[in-house]
1. Given R₀ = 41 Å, what would the calculated FRET efficiency be for Ser150 paired with Lys175, taking r from the Cβ atoms and rounding to 0.05?
2. Just flag the trypsin sites (Lys or Arg not before Pro) in the range 70-105 sitting in loop per DSSP whose Cβ has no more than 11 other Cβ atoms within 10 Å.
3. Counting only DSSP beta bridges with both residues in the chain, what percent are antiparallel, rounded to the nearest 5?
4. GluC sites (Glu not before Pro), restricted to the range 183-285: which are DSSP loop and have at most 13 other Cβ atoms within 10 Å?
5. So if I place +1 on the C-beta of Lys and Arg and -1 on the C-beta of Asp and Glu, and nothing else carries charge, what would the dipole magnitude of the range 109-219 be about its Cα centre? I want it in debye, nearest 20.
6. On C-alpha positions alone, give me the angle between the axis of helix 228-240 and the longest principal axis of the chain, in degrees, nearest 10.
7. By how many degrees, between 0 and 90 and to the nearest 10, does the Cα long axis of helix 13-24 differ from the longest principal axis of the chain?
8. Could you list the trypsin sites (Lys or Arg not before Pro) in the range 407-482 that lie in coil according to DSSP, counting only those with at most 16 other Cβ atoms within 10 Å of their Cβ?
Amino acid sequence: MKNKKVVVIGAGVAGMAAAIRLALQGYEVSVFEKNMYPGGKLSAFQLNDYSFDAGPSLFTAPQLIADLFSEAKVPMEDFFSYKKVAVACHYFYQDGTQITAYTDKEKFAAELALKTNEAPEQVNAYLNNAAAAYQNIATIFLNYSLHHWSTLIKAPILKALATLKGPYLFSSLNKYNERKFKSDKLVQLFNRFATYNGSNPYKAPAMISLISHLEQNEGVFYPKGGMISITNALYQLSLKLGVSYTFGASVEQILHSGKVLTGVVVDQQHIAADIVVSNMDVYYTYQHLLKDPIKAKKIKQQERSSSALIFYWGIAKSFPQLDLHNIFFSADYKAEFEAIFKTAVPFDDPTIYVNITSKLEPGIHAPVGKENWFVMINVPANSGQDWVERVAFYKTVIIQKLSKQLGENIASLIEVEEVLTPVTIESKTLSYMGSLYGTSSNTKMAAFMRHPNFNKRINGLYFVGGTVHPGGGIPLCLSSAKIAAQLIKEANNIK
Ligand SMILES: Cc1cc2nc3c(=O)[nH]c(=O)nc-3n(C[C@H](O)[C@H](O)[C@H](O)COP(=O)(O)OP(=O)(O)OC[C@H]3O[C@@H](n4cnc5c(N)ncnc54)[C@H](O)[C@@H]3O)c2cc1C
């Protein structure tokens, strides 16, 4: 087996995790990345004295990173450290109510009882159900290929079926939450978890209530140095294991002769490979690299997840009432999701997420007494909207809303600004329509419809990342790499 060659297309978090796992299996691994830096969506940049994480800001399930280091027998502390934060999120409602979502379960339940009158037993029961669903059902999605009987047969299916309740599949998340909670504010808070994979809580099945388990039972974590430390850690670990990287290198084609994979084309050069792992958006992989428009069209029929509009602002003031993660809810959440997924029109009261890493590392990510604001709203994936116009519209709306809720003229505090739109998300990482999480989870079959982690017709071609099974977000992307590496191991009978 020694010296078998693997090419990984793309150095996103899943591509690097796959490279690590395959290097550990003894393969010679080369990663080709079109950008000049690793990380894909998980990157960072500097604006004068302010530093910003460009994409993901919420870090859950750190064990998945720790697993890579422990499997490599490399001390993680040499490359990466993180801590649990006391507050998962600070929620602001338009009637002035503020809810602090403590990561300590008892404190969280007590806070909800105080602010919404919801009985702590009700909140605890909800989170216990989410824990059981996560442990018994999500575990199958996160660890097994749903499309390969040889691996699926090992999955603890009976346990999952015993946990599966009718409402998980046949109710929307919103309906489920309305049944569980008396308080509208709490329904809105728990509906928000649908956005963690770019979905609509009024359509997505109640099954995704299990996402709340990660945040409210397991906790929210902060990587020292910000989210970019995850990219740096995976990159450094892979280098240590002998993975080679070529940056500024776009893979143009995947080569195969019938069922036999032969390699890739980069800069018009044929690079031979026994195995290719594509971390590129699966739609574009079929459309451009495999020249298979029929398969690409089939993938395209699945609804895309939402995208985002982000303002990165250097703010010349410190706001003690804000935390690492803050949400300013819209008054009409249902109408907001109609605008994102149905009408795709601008919405004048968006829910605003503000992430401030300088809260945890003051004086490092922003000058002392100032803050680095990552201000994000959910918007539809790009279908040709006029984003210049929408950026101007949303900037006004966001500034008005934050100024009102924080009692400060925010516009006058913005020292530096950068903007990310669905169009720039697409151009930076070749994510079709700029969607954040590949396809949405708005139907009960969506979780089963994502592309498998392998190609059924070309032996040796595998897929990882947010557009394939099990889906988008850092934990799921890391899981996709684990599943693909396991499939490769089984296909090659490596002990
Ligand atoms: C604004 C934003 C906020 C988010 N917030 C969160 C969050 O808080 N928490 C969370 O868990 N997730 C979040 N996500 C989602 C998360 O970032 C993604 O699911 C995850 O990073 C995707 O990783 P990936 O490995 O699939 O690939 P990507 O990051 O999409 O990387 C793919 C890589 O492949 C490269 N590539 C593409 N085509 C080629 C080619 N032909 N040749 C060579 N290279 C190629 C691209 O340049 C890119 O580097 C967010 C995403 C965004 C954009």
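1. On the way: r = 37 Å, r/R0 = 0.91.
Efficiency, rounded to the nearest 0.05: 0.65.
2. Values: sites: Lys73, Lys83, Lys84, Lys105; in loops: Lys73.
Passing both the DSSP loop test and the Cβ count: Lys73.
3. Details: 49 of 71 bridges.
Of all bridge pairs located within the chain, approximately 70 percent are antiparallel.
4. Details: sites: Glu215, Glu218, Glu252; in loops: none.
Here no GluC sites (Glu not before Pro) fit, given the DSSP loop and packing criteria.
5. Values: 11 positive and 7 negative charges, 63 e Å.
For this selection, approximately 300 debye.
6. So the helix axis and the longest Cα principal axis differ by about 20 degrees.
7. Helix 13-24 sits roughly 40 degrees off the main axis of the chain.
8. Numbers: sites: Lys428, Lys444, Arg450, Lys456, Arg457, Lys482; in loops: Lys444, Arg450, Lys456, Arg457.
Qualifying residues, ordered by number: Lys456, Arg457.
Quick note: the coordinates plus some simple rules give every number you see, no bench work behind them. All of these numbers come straight from a predicted model, not from anything done at the bench. Here Cβ is always computed from backbone atoms with ideal geometry, including for glycine, and neighbour counts include all displayed protein chains.
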